[in-house]
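Novice: Dumping the structure here so I can ask a few things about it.
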Amino acid sequence: MRALLALPLLIAAAPEPATTDMLAPDAEARWVDFELTPANQIRFSASVDGQPVSAILDTGVSTSLLSRRFVDRAKLRTRHGSTAFAIGGPVASGWVDLREIAIGALTRHRAHLATATLPDAATGGTPVDLLIGRDVTQGYALDIDYDARRFRLLSSGRLPFRGSEAPLRIAGTWPSYVTEISVGSVHISRIEIDTGDGGAVTLRRGVWNALSEAKAPTTSTIAYGIGGASVVDLAIVPALRSGTLTAHTVETRIEPDTGYTQTIGMNGRIGSGFLAGYRVLLDPAAGRMVLSPGTHADAPPLRSTSGLVLRAETDRLTVLHVMRGGPAETAGWHAGEQICRVDDAAITRDAPFRWPVDHPGRTVSLGLCDGTTRSLTLRAFY
């Protein structure tokens with residue numbers, strides 16, 4: 001299974017911005033095309049001071065962020081900033097003042113953005129220079145059509161489609177999009193909506209332990225953010241409710257109570273791994289999130305049967321994490337080992353990558369890059 005890359009979640013205290021927004025009169029027609037990165041992030045093209053940039057739409061970012069790489073290349077003047085919080089740990093940040101940023105129908109003049117290093121590992125291995133966060137989008141109705149791979153910003157109050165409505169507001173230790181869900185008989189408040197998180201659902205350990213679902217088998221996986229990597233537990237929840245909508249077979253990560261979710265004052269997070277099954281409207285000023293099932297709603301998550309979290313490279317697969325309780329752990333695999341052949345076929349960028357989640361009972365021959373060969377028999381383990 002490929003690395004479960006959590007989107008870089010940056011929280012920073014923003015200065016008071018003297019900004020001006022302009023939403024074009026034809027905003028309804030100004031869709032922004034996007035693609036999903038390998039980490040389920042919404043990547044699109046925007047512009048900064050007239051220069052095109054690759055951007056990610058990340059509602060989990062409280063202050064939009066420009067990469068240090070772009071700042072250095074454009075020779076922009078920066079101001080010192082405080083430490084920000086992100087998945088994986090603290091991040092040193094600064095501030096940069098811009099003439100304007102433009103996303104679809106929206107232009108923000110005299111924009112103030114945070115700046116920090118954006119590691120490629122946190123964005124699915126693809127360089128990205130701009131994270132568009134809550135500070136830019138919160139005043140609008142954000143319409144994300146995952147099936148059509150496009151989004152748009154509309155005036156708050158617009159309702160372009162019908163679906164299940166759930167409460168949505170801006171709240172939290174660091175202001176965030178906040179909703180609520182139910183799992184089994186337990187109502188869970190303070191759930192952040194984070195389009196920058198490639199996972200489906202994340203819960204704090206204390207919240208998870210209060211659920212009857214906590215008796216289900218769990219394993220471990222790895223998540224990447226701006227602050228680096230963190231190990232979390234992983235389980236499958238049979239059903240989750242948002243408003244009148246019930247989602248089934250939801251992959252759920254469980255963070256320690258000392259983790260990122262607790263740091264930002266939340267009980268959990270909903271990311272693009274879940275949202276991508278729906279058409280989504282986020283309009284906190286109108287107090288609502290609307291979900292309408294799309295093509296992939298309730299599609300069962302791919303479950304690892306190998307117990308290996310892997311990073312695909314040009315000619316090899318690198319083991320990033322060995323999942324607890326899986327066949328790879330039983331067989332003695334370790335993080336850092338590299339695979340160059342699968343069933344005697346060389347690794348290439350175009351090679352099929354189904355085997356880590358293939359049917360239980362299959363035995364795979366794995367040729368390591370040191371010349372040794374191991375057999376791994378796949379099985380269900382969570």
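We did not get these values from a lab; they are worked out from the coordinates using the rules stated. If you're wondering where the values come from, they're calculated on a predicted model, not measured in any experiment. Methodologically, a virtual Cβ is constructed for each residue, glycine included, from the backbone with ideal geometry; neighbour enumeration extends over all protein chains shown.
Novice: For segment 344-358, give me each residue that is touching a Ser or Thr at 6+ places or on another chain (Cβ under 7 Å) and exposed (fewer than 11 other Cβ atoms within 10 Å of the Cβ).
Specialist: Asp344, Arg349
Novice: Could you tell me which numbered condition Gly184 fails, if it satisfies all but one of (1) over 17 Å from the mean Cα position of the chain (by Cα); (2) buried (at least 18 other Cβ atoms within 10 Å of the Cβ); (3) among the small types (Gly, Ala, Ser)?
Specialist: Only one criterion is unmet by Gly184, namely (2).
Novice: Out of all the residues in segment 286-314, which are in contact with a strand residue (DSSP E or B) (Cβ under 8 Å, 6 or more places away or on another chain) and among the hydrophobic types (A, V, I, L, M, F, W, C)?
Specialist: Ala286, Met289, Val290, Leu291, Ala297, Leu308, Val309, Leu310, Ala312
Novice: For segment 120-151, how many residues meet the condition of being surrounded by fewer than 21 Cβ atoms within 10 Å (Cβ to Cβ), among the hydrophobic types (A, V, I, L, M, F, W, C) and either in contact with a helix residue (DSSP H, G or I) (Cβ under 6 Å, 6 or more places away or on another chain) or closer than 22 Å to Ala229 by Cβ (or both)?
Specialist: Residues meeting the conditions: 1.
Novice: Show the residue pairs meeting these rules: Cβ distance below 6 Å; 6+ apart or different chains; first residue within segment 182-204 and in a loop (DSSP other than H, G, I, E, B); second residue of a type in the set (D, E, K, R) and surrounded by fewer than 23 Cβ atoms within 10 Å (Cβ to Cβ).
Specialist: Pairs found: Ala200/Glu251.
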